[in-house]
Structures are given as C-alpha cells and as structure tokens.
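Notes follow once the structure below has been shown.
The values are calculated or read from the model by the stated rules, or taken from the named source; none is laboratory data. Just so it is clear, the model here is predicted, and its values are computed rather than measured. Quick reminder, even Gly has a Cβ in these numbers, built from the backbone with ideal geometry, and neighbours come from all protein chains shown. Side chains are part of the model used for accessible areas, which takes the heavy atoms of the whole protein and leaves out ligands, DNA and RNA. Shrake-Rupley method; radii C 1.70, N 1.55, O 1.52, S 1.80 Å.
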Amino acid sequence: MLPGYTEELTQSPTAVDEPARETATTEPLTERAVRAQVASVTRAARAQSGNGGVLQVVHGAKRVGWAAYELQRNATQLVQGVAKPPYVTTGPLDSLESRKLAEGVQYQVLYDRSALARPPQLDITTKLVAMGEQARVIHMAPTKLIMVDNEIALLPLTVSETSVESAVVVRSSAMLAAIARIFEDLWRFAAPFTADQDLSGHELQPTEEERWILSLLASGATDDTIGRLMGFSARTAHRRVRELISRLGVETRFQAGMQAVKLGWL
C-alpha cells in the first residue's frame, strides 16, 4: 500500500528496543509507554506473521506525511484518527478528507484539546464536522493515530517538538485489533466536539456542592442515592445531574464522571 515509503523490520528484537531507550528521557510518560508497548508487541507480531509483513517502519518526517496521505487516499469505508501535536503539513490531508467524505467514507476523529487550540484547526474542524466528520475531544490523547478500514494503521515511534521522525505501519494482526480496541475506549470516554467549547482547559469551576455530586456520579451512584446523600429530592438530583452532564458537553453519566476527572474537577 505504501511502495517506496516503508522499510520492513528486519532487525533483531534488541535493535527494535533501542529507539525507545534513546528517547525515554525526553518524551512524556504516555508516549514513552506507547512506544514501549509497540516494542514489546513487535516480537510477537513478527513471530505470527512469519514473513515480517505485519509491521513496517517509515523513516523521516516527509515520508511519514506521505504515508498518512496514502493510507487515507486508499480508504473505502472508515478512517479513524487521533489528532495531536506535532503536525506534518495538514492542508493536503484536510483537502483529502473533504474529498473522501464526499465519496461516502466515514471519519471518526479524536482531537487532543491542544490540537483544537491551534487557531486554524478549530475553524477547519468545524467545517469538516459540517461535511460529516464525527469529532470528539479528549483532554490528553496518548498518541497520534490513523487507522483505515480496520485493516491498517499508522502511529508514531519517535517524535521531535515539530515533527514525527518515524512511524510504524501496522497491518491486520492481534496488534491492530488491540489498537482498534484502545481507540474505541478513548472514543467512548471523549466529549462531543462543539465549535464554541472552551479549549483553554479553564472551564468555569464547579462549586463544592457540584464537586460532591460529580464525585457520587463518578462512583456510579443513582439519582435516588445522590438525592438522599445530598439532601435533595430524587427529582432535584436528576435535574442537577442533567445540568452537569450538559455543562461538561457529554452524553452519559459515565462520561460526565470521566470528563470531570480529566478537567481536574475531582
């Protein structure tokens, strides 16, 4: 699918682990953990594939950009992605997404809050959502990702402050199934995108009473239980819970509890 842009993994497992160790002191814990998981699963994936065709590495920021473009260009049904810094040039990808949406390809995109804080991206995402993109926002995404038709994915291996220096292409395998499951979990917990949401992370802080309600909500308490413990009627408790769910920009009680934790409200 990516002729000329990829290189098969032919190194020993020890060699595969070296990039993760070299960057461990400079990368955030979440991305370091993701790379460590990729390295540990590499050995099993190579053993399953027999010919080394499950994983391929793309070297160089320009080639990573080409790979991202090619994967989406070949999509026929579904593109799922996680958008967060650092970025390759996004103009061609945004134009490509517009064309693919017009062709009937579905897009599900999770945006790291910091991604939408970039002035042009908020307007671009708003336009893409109007064209049919399904978008949700997560407080801190663990890694960038593109996954196409549940058959192939691209995620970073090494990054600098301004670019993705290398990435791994993952084809149909147990590893790809695990990546798909992680995306589904992140999607379920994320808040729906709205063009007017506060992206600074400084949403109006809750009162102490609201913190108690959110804490009970996160623990799985029912409206009756919340009302009894807070001294409300069940009807009042239900109304207060719905108000908080709406304020957090989510759809379910569980999402409200998760979002409150992400925002530091609990």
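For residues that are modelled with pLDDT under 95 and hydrophobic (A, V, I, L, M, F, W, C), scanning just segment 146-166, find the one that is nearest to the chain's Cα centre (by Cα).
Here the answer is L155.
Give the number of residues within segment 123-171 that are within 15 Å of E97 (Cβ to Cβ) and of a type in the set (S, T, Y).
Matching residues across segment 123-171 total 2.
Quickly run through segment 214-266 and pick out the residues that are part of a helix (DSSP H, G or I) and under 14 Å from A190 (Cβ atoms).
Residues satisfying the conditions are F254, Q255, A256, G257, M258, Q259, A260, V261, K262.
From the residues in segment 120-142 that are among the β-branched types (V, I, T) and more than 19 Å from E251 (Cα to Cα), which one is nearest to the chain's Cα centre (by Cα)?
That would be T125.
Which of the numbered conditions does L122 fail, given that it passes all the others? Conditions: (1) at pLDDT below 85; (2) under 27 Å from A61 (Cβ atoms); (3) not in a helix (DSSP H, G or I).
Every listed condition holds for L122 apart from (3).
Just to be sure before I move on: is A130 in a helix (DSSP H, G or I), modelled with pLDDT under 95 and surrounded by fewer than 17 Cβ atoms within 10 Å (Cβ to Cβ) in the structure I sent?
Spelling it out, A130 is indeed in a helix (DSSP H, G or I), modelled with pLDDT under 95 and surrounded by fewer than 17 Cβ atoms within 10 Å (Cβ to Cβ).
Which ones in segment 148-179 are among the small types (G, A, S), touching a strand residue (DSSP E or B) at 6+ places or on another chain (Cβ under 9 Å) and open to solvent by 20 Å² or more (accessible area, probe 1.4 Å)?
Matches in segment 148-179: S172, S173.
Exactly one condition in (1) charged (D, E, K, R); (2) open to solvent by 50 Å² or more (accessible area, probe 1.4 Å); (3) modelled with pLDDT under 90 is false for R240; which is it?
(2)
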